[in-house]
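See below for the structure under consideration.
Coordinate-derived values only; no laboratory data. What you are looking at is a predicted structure, and each value in this text was computed from that prediction instead of being measured. Backbone-built Cβ (ideal geometry, glycine too); neighbour counts: all protein chains shown.
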Amino acid sequence: MRTSEQYIRAHVIPGARRERVSEQKGVYTIQVKEKAERGQATRQAQEVLAEALNVSQSSLRLVKGATSRHKTFLLTNRTQV
């Protein structure tokens, strides 16, 4: 089994009217409906990003920015060799 890792930089916008993910110059902008309270926006951002990247939510891990709008996620892919 082979494992590859990639860091994903993101800017989260809580309290949006609709959920949306866009990417520009290597930084993802994630708009979520949840408010920035008790980590709700962060959890929803992780869900929305995983869906947009077509990966499981468990393969994304927040490594930086738990209380900031600027976050870094670690994407871990495991492939069979």
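The table below gives the values:
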read-out	value
Cα-based helix-to-principal-axis angle, 40-53 vs the chain, degrees rounded to 10	50 degrees
Least to most buried among TYR7, TYR28 (fewest other Cβ within 10 Å first)	TYR7, TYR28
Charge sum, other residues only, whose C-beta stays under 11 Å from VAL63's C-beta, Lys/Arg counted +1 and Asp/Glu -1	+3
Sorted by Cβ density within 10 Å, fewest first, the residues GLU37, GLU51	GLU37, GLU51
Estimated dipole of the chain in Debye, rounded to 20 [Cβ of Lys and Arg +1, of Asp and Glu -1, Cα centre]	180 debye
Cβ-defined net charge surrounding ARG18, 13 Å radius [Lys, Arg +1; Asp, Glu -1]	+1
Within a Gaussian network of the chain (alpha carbon springs, distance under 10 Å), most fluctuating of VAL27, VAL48, VAL12	VAL27
Spin-label pair GLU37/ARG20, simplified geometry with 7 Å Cα→Cβ offset, distance in nm	2.5 nm
Gained length - ARG78 relative to SER4, 0.36 nm times residue gap less alpha-carbon distance	26.0 nm
Relative contact order [Cα under 8 Å, 6+ residues apart], the chain, whole percent	37 percent
Helix-only [θ]222 nm of the chain, DSSP H runs n ≥ 4, -39500 (n - 2.57) each, per residue, nearest 500	-5500 deg cm²/dmol
